[in-house]
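Encoded as structure tokens, the structure appears first; notes follow it.
Each value in this text was obtained by applying a stated rule to the coordinates, not by laboratory testing. Since the model is a prediction, treat every value here as computed from it, not as a measurement. In this analysis, Cβ positions are derived from the backbone assuming ideal geometry, glycine residues included, and neighbour counts consider all displayed protein chains.
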Amino acid sequence: MIKKIILGSAVSIGICTLVFMPAAAQKKQQKPNVLFICVDDLRPDLKVYGNAIVHSPNLDKLIGQATVFRNQFVTQPTCGASRYSLLTGRRPRNITEIKNEAIEQRIAGKAKTDVPETFVDNLRRNGYYTVGIGKISHSPDGYVYGYNDPKSDKPELPNSWDEIPFDAGKWGTGWNAFFGYADGSNRQGEKGEVKPYEGADVADESYPDGLTANLAIKKIKELAAKKESFFLGVGFFKPHLPFTAPKKYWDLYDESKITLTPSPDIPENVNAASLHASSEFNQYKLGEEKASLEKPVSDAYARKLRHAYYAAISYTDAQIGKVIDQLKESGLTENTIIVVWSDHGWHLGDYRVWGKHTIFDQSVKSVLIVKDPGSKGGTVRDQIVSSIDIYPTLMELCGVKTLPALDGKSFAPLLKKGNHTDWNNVAYSYYNKGISVRNDRYRLTKYFREKEPVVELYDHQADPHENHNVAAKNPSIVDELTKIWEKGNTGLFNEPQKTNE
């Protein structure tokens, strides 16, 4: 059933796809609308990023009209923490801020202050009507409660949203829907006795993201009739585990032709402590094989899992297409900024890992597509940008000048034509007792641990898949990059603290 909560009458911004409404359709509107689409666990497996296998016609079409960033990196490779930094425009400064509970512990339940809690809150303070559907923050429906608990009435972002509607359907709660299967069951309800994938022969609405798309379509129609600027955040679950999608999306692929990772083994000169044992993936107890750093899963099972992941991408692509089509049908595209962002990447067997939670490229690089009506589309950017740069960029595009202290920098100039050789080209990521900096050629990572080696250097010119740590062979490069690395050291790991395991 659909639950709709009215939280206020101001405006705020979410964390997924950004859409801006046309002036012709809204004569009294002074600022653009924003459609922000968030996709959970989507690594950059689209054609423009180099994966020719994935079927994503709707995103491909949007990319042809937008600016796509092929080197956008998140600050933390885990859902809640990544979204916390996205929404606040800040790098993590304490252990709480690299946990999934970051938003719950740092924002939820807090009284309103003079400082915006998120960029959505900031938009709301500046006249936007804000709506969040699905997973924008960490919770799948915007409320704080445990996986097995009844839905609470405590919003994760108490000052950001005017409305946070969600259709939990036959699953009953947001968390049940998030881990849901087509028959209405879910991972936690079945105590993990489930497969990590499913391809039921059902309609799109038999999985939660189909319901989210329908709700977003309904909301766009309502917003089109209003005479005020809006921010609409729409958060899709797939391809997050379990990899579930209607059979018709599985049928788009020939499993025998799906290629495997170019990084099947642990990288050279790297301690296993830089990786992990795929514990999230292994919670799905009925999977045919368990993932382990001891050896890779079989090629046959790896292809099946990739097939499932790709089908989930195609399913979400179809839902995004429905939402964007409704935007056009409602006459809003001329003044609507559309942003599609994923909260981090995902290892599909890379280094024997199935999951996120590392600070290698495969885990911290994610999708970022921005369609700004004020810019000509069809642009591909290879400059390095960070997810914390999205906050100031949106404020610039929306004409909001009231900015708190942010770590990010607006990339609005990169939406315009030109070479932009003056861009900084640096992004920082934090996790697993490590801090990593990425520039246009290298990744330098330093870990705060005893297990050696604690320094890793990858040369993307010679080693684009980060298979060889060459730090020991290149001390001068490490020294030079350390100067840049130090600028991103927020003191997060300076003192012994509990890990985020």
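Values computed for the structure shown
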read-out	value
Cβ-defined net charge surrounding LEU211, 9 Å radius [Lys, Arg +1; Asp, Glu -1]	-4
Where Rh is the Kirkwood radius over Cα pairs, Rg/Rh for the range 60-187	0.99
Gyration tensor over alpha-carbon atoms, the range 380-459, equivalent ellipsoid semi-axes in Å	30, 17, 7
Dipole magnitude of the range 351-484, debye to nearest 20 (Cβ charges: Lys/Arg +1, Asp/Glu -1, about Cα centre)	320 debye
Share of pairwise Cα separations in the chain, more than 30 Å, in percent	42 percent
Around LYS248: net Lys/Arg minus Asp/Glu count, Cβ-Cβ under 11 Å	-2
Where labels lie 7 Å past Cα in the beta-carbon direction, separation of ASN94 and GLN461 in nm	4.2 nm
The range 75-142, Rg to Rh (Cα coordinates; Rh as Kirkwood inverse mean 1/r)	0.95
Ratio of the Cα radius of gyration of the range 169-302 to 2.2 N^0.38 Å, where N counts its residues	1.33
Where labels lie 7 Å past Cα in the beta-carbon direction, separation of LEU286 and LYS247 in nm	1.7 nm
Convex hull of the range 262-371 built on C-alpha atoms - directionally averaged projected area, nm²	8.5 nm²
The chain - charge dipole about Cα centre, Lys and Arg +1 at Cβ, Asp and Glu -1, debye rounded to 20	1240 debye
Loop-located GluC sites (Glu not before Pro) in the range 383-458 whose Cβ has at most 11 other Cβ within 10 Å (DSSP)	GLU450
For the chain: relative contact order, % (alpha-carbon pairs under 8 angstrom, 6 or more apart)	25 percent
Positive-end extreme of charge dipole, the range 160-260 - chosen from PRO208, GLY184, LEU232 (charges on Cβ)	LEU232
Sites THR113 and LYS416 - FRET efficiency at Förster radius 35 Å, r taken between beta-carbons, to 0.05	0.50
Cα-Cα P(r), the range 338-414, percent of pairs per 5 Å interval	3, 13, 22, 20, 17, 12, 8, 4, 2, 0
For the range 112-249, fraction of C-alpha pairs farther apart than 26 Å, in %	28 percent
Length gained when the stretch TYR301-HIS468 is fully extended (0.36 nm per residue, less Cα-Cα span)	57.5 nm
Over the chain: helical MRE at 222 nm, DSSP H runs n ≥ 4 each giving -39500 (n - 2.57), nearest 500	-6500 deg cm²/dmol
Local electrostatic count, TRP423, Cβ distance below 13 Å [Lys/Arg +1, Asp/Glu -1]	-1
Percentage, to the nearest whole number, of Cα pairs in the range 115-159 over 12 Å apart	64 percent
